[in-house]
């Protein structure tokens, strides 16, 4: 190799760092500086319910959510009952975000005079970028107490006989701004059922989703298919699968969900395991959920600031 | 050959000199403030990145919209989901220049008025903006601040009717940066 060539190579080698500094565009340098970030999916659903069932959304830390739910009577009751609107079942519920991943709630519904409470835990958040997680996963466990007067007060009645339990795994993915889908394996356990033939346990697979039609409105659907498992076929054969459609309207601090469903009950033990209405017969209940948030502490700000990525 | 070597060394050092003219931050602060009769809304972002070239007066900012912290979690969600559409337009940027850079002596402590003009991109819409800011040089450290209005409609951000009385048509934007010398390792 000639001296000249060597010199040239040396010269080029020397230039390399100078060239890399010579990024003219400051914007490119900024982009390099930032590196890759993790983008967490947010607003997979408008509110904490798909229709009847829980969605993967939790109230933010320090936020109290009030949900007033109404289900009117059956549409096929006809004009005399004003297509169901003369009767109403309702549930009043409060949910509170303890942290970004933990939420507790209580409620009271007039169907079977039910008190219910639940705990909701977010295990994974859907994300892209630096950390990739295709779905969000939430677990919900609830307990429901039927407080109707005992059918036979003279016999020995136990409080535990009033209780039902529900366990659900919610697996959801926000595919794009418009479409989110959720799968919900569900198990219901009743401590006491009316007859020997009935099963204490009910297993079901739920599916739900939403299609956003404007930034403030979406159409939601939800379906619970009761599994006809060996030894657990009574519920599948004697009750209906719950199917609900709703129209969500968000107005700043409120979300209204206007729905049609074949389930009268508003707690998991009732709408998953004890739905009797048949859509084909017109056993359809019109109803709504009204959700309102109250910011009771500024926890969410502190949590975000500490940047705890879990 | 000696000439070539000298030439190379000169080029290199020029490169390094240019380098030393750049100042940067990753923790710049940008604040939104919306005032209406109904309510006052404020959002803060403390993760703004910016580079200032004191030689040319060039100035760039990049702001991740998701990093704005609102008082209420729901406001933050609506801001990102419905108004600025952070999934579609994750970043807002400013690329501009201090046009009177020769009047600012970055080597001497003092407070200087800086006329800044450039392209502001929010929600995928780019508009030319001009504002006057202040550059403070103290003990070799450079800080910059500015306050200017941003009209929501200019950037094609749609505010639904139900909340239009709660969100101002013009948002006041406050920028506060504390720069440090730029090095590759930063």
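Key figures
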{"quantity": "Every pair of residues 6+ apart whose Cβ atoms lie under 8 Å, when the first sits in region B:160-186 and is more than 9 Å from chain A (Cβ to nearest Cβ) and closer than 21 Å to residue B:27 by Cβ while the second is modelled with pLDDT under 90 and in a loop (DSSP other than H, G, I, E, B)", "calculated": "B:180/B:186"}
{"quantity": "Residue A:125, sole failed condition from (1) within 14 Å of chain B (Cβ to nearest Cβ); (2) more than 17 Å from the chain's Cα centre (by Cα)", "calculated": "(2)"}
{"quantity": "Set A:136, A:141: member being in contact (Cβ under 8 Å) with a residue 12 or more places away in the chain, over 16 Å from residue A:270 (Cβ atoms) and buried (at least 20 other Cβ atoms within 10 Å of the Cβ)", "calculated": "A:136"}
{"quantity": "Members of region A:23-45 found to be within 9 Å of another protein chain (Cβ to nearest Cβ), at pLDDT 90 or above and part of a loop (DSSP other than H, G, I, E, B), listed by number", "calculated": "A:41, A:42, A:43"}
{"quantity": "Unmet requirement for residue A:106, which otherwise passes all of (1) touching a residue at least 24 places away in the same chain (Cβ under 8 Å); (2) under 26 Å from residue A:145 (Cβ atoms); (3) loosely packed, with under 14 Cβ neighbours inside 10 Å", "calculated": "(1)"}
{"quantity": "Filter pass, residue A:211 being closer than 18 Å to residue A:41 by Cβ and assigned to a strand (DSSP E or B)", "calculated": "yes"}
{"quantity": "Meets criteria (crowded, with 20+ Cβ neighbours inside 10 Å, more than 10 Å from chain A (Cβ to nearest Cβ) and in contact (Cβ under 8 Å) with a residue 12 or more places away in the chain) for residue B:120", "calculated": "yes"}
{"quantity": "Selection within region A:174-211 - touching a residue at least 60 places away in the same chain (Cβ under 8 Å) and either farther than 21 Å from residue A:136 by Cβ or within 14 Å of chain B (Cβ to nearest Cβ) (or both)", "calculated": "A:174, A:180, A:188, A:190, A:202, A:210"}
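The values are calculated or read from the model by the stated rules, or taken from the named source; none is laboratory data. Bear in mind that the values here come from a model prediction, so they are computed numbers and not experimental data. We place every Cβ from the backbone using ideal geometry, glycine too, and count neighbours over all the protein chains shown.
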